[in-house]
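Colleague: The structure is given below, and queries will be raised subsequently.
A short reminder: the numbers here are calculations on the coordinates, not readings from a lab. Remember, it's a predicted structure, so these values are computed and weren't measured experimentally. Every residue, glycine as well, gets a Cβ built from its backbone with ideal geometry; the counts of neighbours run over all protein chains shown.
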């Protein structure tokens with residue numbers, strides 16, 4: 001029997017499959033099996049997987065009709081024989097020592113699960129941009145055995161399931177599965193919450209091994225159907241908490257915190273025409289939770305509590321505030337012919353996405369302090385260092401697109417560089 005089983009759920013991934021499979025099969029740790037679950041692919045993925053299975057006995061391929069990510073993952077888990085289970089998405093790849101590093105820690109400390117930092121990347125192999133991502137900034141949480149029941153701030157970590165390994169007997173003991181909703185959106189949330197909440201021995205390894213693609217055009221986008229997916233995923237977690245109240249009941253504050261964060265994130269990314277309906281849906285749901293005495297907000301920040309209460313009290317009013325963001329951008333840009341957005345991360349991109357077409361046409365680019373580690377363009381809009389715009393500092397508008405905690409530092413830096421037209425969006429706090 002293999003020491004580690006790697007599940008790879010595949011749907012139409014011929015473009016990326018070779019790099020992914022080669023990274024798994026060329027691990028320094030050889031005692032693995034690779035369970036590839038073909039979810040009814042219509043491209044060359046099935047034949048490519050079969051070729052790998054013919055060439056390497058460690059590869060097993062399961063072909064099935066298309067049924068979604070959650071079902072594919074559960075089919076893969078049922079086929080596993082390894083002591084530990086890992087997950088690799090077919091558009092990503094892993095460093096050669098990933099499984100060895102994680103498995104050694106898992107065995108040495110008898111862990112239910114082990115996780116690690118990871119690397120986001122953009123672009124093809126010749127022009128790739130990498131960004132290191134940490135699960136947590138608390139260095140004391142790395143390389144030590146953690147009991148999430150006692151150390152609950154671990155739930156604030158930026159986990160991704162593929163950056164870890166999970167003991168198969170642990171998953172079976174608590175029947176930890178993926179929610180089998182259609183498509184490939186949000187089913188990883190329930191699995192992540194369950195593994196953390198049920199685990200009593202876990203570890204964060206201080207290393208980054210998993211390379212997580214950010215520019216796959218086939219990745220999920222947040223259309224109307226996605227808003228129902230996120231609601232259903234948290235309904236699934238809630239049902240699991242009720243079924244296992246003894247083990248999970250006390251994690252209600254963490255559940256409310258994660259759900260609130262996911263709902264806000266989904267709202268930010270939904271197409272504008274679906275936002276009002278989504279706010280009404282989650283507003284009614286949150287009121288029901290409150291009326292049952294289950295809306296424990298004890299670990300929410302004051303800002304998150306404020307947003308939560310506003311949505312519950314008056315979804316329409318919150319929608320109007322939320323949508324005022326676009327109007328504020330338009331009004332503040334009216335007197336300028338050209339603009340640049342400082343910040344090429346989630347917030348800067350969010351500002352660009354919210355702009356009306358006539359305002360987008362004014363944006364010459366995104367600006368960052370140092371280009372290294374940042375994407376080179378977004379929707380064809382170039383990312384440059386802020387100093388590249390110095391000659392235009394008298395006339396160009398600079399929209400500050402960074403997190404609230406960084407805004408004072410950024411506006412101070414822009415002032416020192418004598419940029420005259422700095423725009424800070426007042427409604428950004430509602431939206432980010």
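Colleague: If I histogram all Cα-Cα distances within region 305-429 using bins 5 Å wide from 0, what percent of pairs lands in each bin?
Modeller: 2, 11, 21, 22, 20, 11, 6, 5, 2, 0
Colleague: Per residue and in Å³, how big is the convex hull formed by the alpha-carbon atoms of the chain?
Modeller: Given the Cα convex hull of the chain, per-residue volume reads 147 Å³.
Colleague: Highest mean first, how do 66-75, 357-366 rank when packing is the count of other Cβ atoms within 10 Å averaged over residues?
Modeller: Packing proxy ranking, top to bottom: 66-75, 357-366.
Colleague: Which number do you get for Rg(Cα) / (2.2 N^0.38 Å) in region 4-213?
Modeller: 0.97
Colleague: Right, another one. Suppose we keep just the DSSP beta bridges with both residues in the chain; what percent of those would be antiparallel, to 5?
Modeller: 25 percent
Colleague: Enter the angle in degrees (range 0 to 90, nearest 10) between the Cα long axis of helix 69-79 and the first principal axis of the Cα atoms of the chain, meaning the one along which they spread out most.
Modeller: Compared with the principal axis, the helix lies near 20 degrees.
Colleague: Using the per-residue mean of other Cβ atoms lying within 10 Å as a proxy for protection, in what order, highest first, do the peptides 139-150, 309-320, 95-106 fall?
Modeller: In descending order of packing, they fall as 95-106, 309-320, 139-150.
Colleague: Highest mean first, what order results for 187-198, 11-22, 32-43, 240-251 on Cβ atoms within 10 Å?
Modeller: Final packing ranking: 187-198, 32-43, 11-22, 240-251.
Colleague: May I pose another question? Using 0.36 nm times the number of residues separating residue 416 and residue 381, minus their current alpha carbon distance, what extension gain do you get?
Modeller: Contour length minus Cα-Cα distance gives 10.0 nm.
Colleague: Can you grab the distance from the C-alpha centre of region 22-51 to the C-alpha centre of region 88-156, Å, no decimals?
Modeller: 22 Å
Colleague: Measure nothing fancy, just the Cα-based angle from helix 404-416's long axis to the longest principal axis of the chain, in degrees from 0 to 90, nearest 10.
Modeller: 50 degrees
Colleague: Note down the nm distance, to one decimal, between modelled labels 7 Å out along Cα→Cβ at residue 316 and at residue 335.
Modeller: Computed distance between label sites residue 316 and residue 335 equals 3.5 nm.
Colleague: Does anyone have the angle between helix 98-108 and the longest principal axis of the chain? Alpha-carbon axes, 0 to 90°, nearest 10?
Modeller: It is inclined by approximately 60 degrees.
Colleague: Per DSSP H run of at least 4 residues, take -39500 (n - 2.57); add these up for the chain, divide by its residues and hand me the 222 nm value, nearest 500 deg cm²/dmol.
Modeller: Dividing the helical sum by the residues of the chain leaves -13000 deg cm²/dmol.
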